[in-house]
Structures are given as C-alpha cells and as structure tokens.
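See below for the structure under consideration.
Bear in mind that the values in this text are calculations on the coordinates, not laboratory data. Every value quoted in this text rests on a predicted model; they were computed, and no experiment measured them. Positions of Cβ are generated from backbone atoms using ideal geometry, with glycine treated the same way; all protein chains shown enter the neighbour counts.
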Amino acid sequence: MKITDVKTFIVGTKKENLRRPHRGGLNWIFLKLLTDEGIHGWGECSAMPRYREHTCVQLIKELGKHFIVNKMNPFDIEKLWDKLYGGTAVFRHPGTLSTQIVGAYEMACWDIIGKALNQPIYNLLGGKFNEKLRSYTYLSMVSDAWLPGDLAEEAGPKVAKLVKQGFTGVKLDPIPPSVPQPREISLSELDYSEAVIKSIREAVGNKCDILIGTHGQLTTHSAIRLAKRLEKYEPLWFEEPVPGENMDEMARVARATSIPIATGERLATKWDFRRLLEKQAAQIIQISVGLNGILEAKKIAGMAEAYYAQIAPWMYCGPVAGVANIQLDVCSPNFLIQEGIETWGGFYAEILKEPIRWEKGYIIPPTGPGLGVELDEAVIADNPYIDPSTI
C-alpha cells in the first residue's frame, strides 16, 4: 500500500466559541491521507497556536511532498516518525510545528492500518484493557462558566451541577493566566485560591475530584505555598505548578507537597518524558497524543508504568486528536482519567458522522476500525477558517 495524496482542512468552530474560553480552539486543522487501495485516514494537528494555522497547513504539504506522498507505506509507522522527526537536523527537536505534523500524519496512518485490518487501533496496541474511560472537563468550558475573578463561593455550586451530570472530576485554574511566567503570587491570591477550592469541596464532598491547573504560572516558592494551602482539600493533582522547562524545580515542588504533580502537555517525545520520570517531577503524565503520535504516546505510557505513574492525556483540540487519545487510553493499564470538552457534544458531535458516546462521566470507546470515527466533509465545508482578529 502507498500513500498517494494528502488533503488539508482548517475548520472554524465559531458556533461553539461565541465567547471565550474557546471549546477546544478557535480553528481545528485536519489532514486526510489517501492511498492507492482506496483507504483513507484522518489526522489532526492539535493545540496549534492562533495565527499559525496556515503555516501548519503549508508545512503539512511540504513534508508530505518530500517524505510521504508516493514514498511511504502507511504501515511503516516507525519509519514515518523517524523521517519526519529526524529527517533533517532542523527538525530533530520537539518544536511546536514539527511534532504536531508528525502526530497528525502518524494518527492518519494508524487510521488507515486499522481500516485495512478491520480493527480499532487499540486492538493493535495491546487490546482492550479499559472498557470505559473516566473523563473530566474544565469548569470554565461549561455554558454557565465560573471564571477566575468571580466570587469564590460561586465555584462550588457550578461544580455541583457538573456532578449531577455525571462528572467525577473537574479541573479549574483558580489563578488567571498571566505574564510574565513564572511569578510570585500575593497573599490575597493565595486566600482567593483556597476559598475557591474550599467552596468546591464543601459543595461536592467526596463525589468529585478537584484538578488544579496553573499553566506554569508560579515560582517554585509560590507553588509550594499554594500547595500547602490546598492539601487539606485532597486535590487529585496540581498541574504544571511551575514552567515545565526546569524539571528540577518541578521536582522540588513535588517533594514539598502530598498533592500529586501532573504535567506533560508541552512535552513532545519519549526523551522529554524520560527526564521527567527520572527526576520524579510528576506522577501523573499528561501525554498529548496529537503532539507525540499514537505509537510514541504508547511508548511513553509504558515508560510511565515502570515508574508507577499514571497517564491522563491532555486534550484541547478537535475530535480526531481526541479519539486518538481514546485509542491510547483503552489499551493502557495505567490510564487514570481523560480530559474532555464537556460531554463531547455540540460541534464535536456535529462534525462527526457518528458522535463519540459519553455516559455518566465516562467515554464509551468506539469499536469501529482505525480511529473509529469519520469526519463529515459537508460540515467541514460549512465552517471555514476564522480569522482571530475579526472576533
């Protein structure tokens, strides 16, 4: 089998994003690989920063022309990954663009392989270990969102509504994103953050885990101070308490608190995660399957398992990269919980010919071949690129 063409699509998600924060991004970037046997596969460049969508598409086309189209068998995953990631000295590093293109091509190849063999990808990577997948959502994504800066006591009732929907885990950022990073936070910000988490714990009791996100905003000292304040509320994790570039400092935070540290969304390869695990900087690994690729993510999950670390794949993207996460989750014994965009409904469901099932806090894995989903190209055509400067 040979890959014969690659098509690209930029999909605007405005109907889901009339107000911030955007649900999975303002624009989604998909690619479709075609083969000489009539089988096609879908991939997605996840977490592409704003203003770079067209750059991403151009790079997909250029790399496809030089390495993929009429040159590669989609079954040769290891060779494809090596050619795209290490084919030139420039690309052999975890750059934002290069690794996302690798991930998009790789998941499209897996989609083709699964369709050719009439098997879901997870059956080709070890089989179904998890029948259903526990999921969580971001508090700020719900329609009546609580956002940092609101009254702290409002957070509890908002999470209680999500618990009634079936969620057993909810993530939030008690401190709004800020520049520069990292920074020292004030006593008033510490008080506010503690009041938010207290409000949630009092509202939901032991029915829901609280996941704390910070996006690497804090200095080591501030992160430890905040963690000490929040330990008594038993958060499931403290995510990226300091910027991920300095794993030694993240390890200092990990040693200073009983709250498990979670990180990984900015790490792109097994070599990054090897350093993270060896330094004992985190015990919950947030692999970005769209950034790493499915096979690379499976290798990272296996490395984490040897350290008794759990995986909680990161997801702020469209449904193709989302379901690639699901394929990894199903076959991974150390799976903990999957990030999601609410209940995988709305535009997430509309753009798929058959939506991903979500029931009472759990994702029900698709059983179809490959990724198990198909994009509706008519819906894609009706939702073109959105220029961020126009909204």
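Overview of values
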read-out: Positive dipole terminus of the range 155-280, leading residue within S258, H221, P177 (C-beta point charges); value: S258
read-out: Among the listed pairs K158/K198; K299/K353; K65/K298; K32/K71; K83/K132; K7/K65, those beyond 23 Å (Cα-Cα); value: K299/K353; K65/K298; K83/K132
read-out: Candidate aspartates and glutamates - alpha carbon under 12 Å from K171, same-chain residues fewer than 8 apart omitted; value: D209, E239, E339, E342
read-out: Segments 306-316, 346-356 sorted - mean Cβ within 10 Å per residue, highest first; value: 306-316, 346-356
read-out: Counted charge near E305, where neighbours are those whose Cβ lies closer than 14 Å (Asp, Glu -1; Lys, Arg +1); value: +3
read-out: Highest-first arrangement of 128-135, 101-108, where packing means the average Cβ count within 10 Å; value: 101-108, 128-135
read-out: The chain: most fluctuating residue of Q181, Q286, Q217 per GNM, C-alpha cutoff 10 Å; value: Q181
read-out: Sequence-distant aspartates and glutamates (8 or more away, or on other chains) whose Cα lies within less than 12 Å of K15; value: E350, D382
read-out: Debye-sum result for the chain in log10 I(q)/I(0), which assumes one identical scatterer on each alpha carbon, at q = 0.06 Å⁻¹; value: -0.22
read-out: The chain: angle of helix 96-117 to the longest principal axis, Cα-based, in degrees nearest 10; value: 60
read-out: Sum of -39500 (n - 2.57) over DSSP H runs of 4+, divided by residues of the chain (222 nm, nearest 500); value: -11000 deg cm²/dmol
read-out: Within-9-Å neighbourhood charge of K353 [Cβ basis; K, R +1; D, E -1]; value: -3
read-out: Top positive-direction residue, dipole computed over the chain with Cβ charges, set T4, A160, Q119; value: Q119
read-out: DSSP-defined beta bridges in the range 123-364 - what % are antiparallel, rounded to 5; value: 20
read-out: Kirkwood-Stokes translational diffusion coefficient of the range 178-267, alpha-carbon pairs, 10 °C, 1.306 mPa s, µm²/s; value: 120
read-out: Ranking of I386, I68 by count of other Cβ atoms within 10 Å, fewest first; value: I386, I68
read-out: Highest-fluctuation residue, I285, I112, I380 considered, GNM on the chain with Cα pairs under 10 Å; value: I380
read-out: Label point 7 Å beyond Cα of D36 along Cβ direction - residues of the range 60-89 with amide nitrogen under 15 Å; value: 68-76
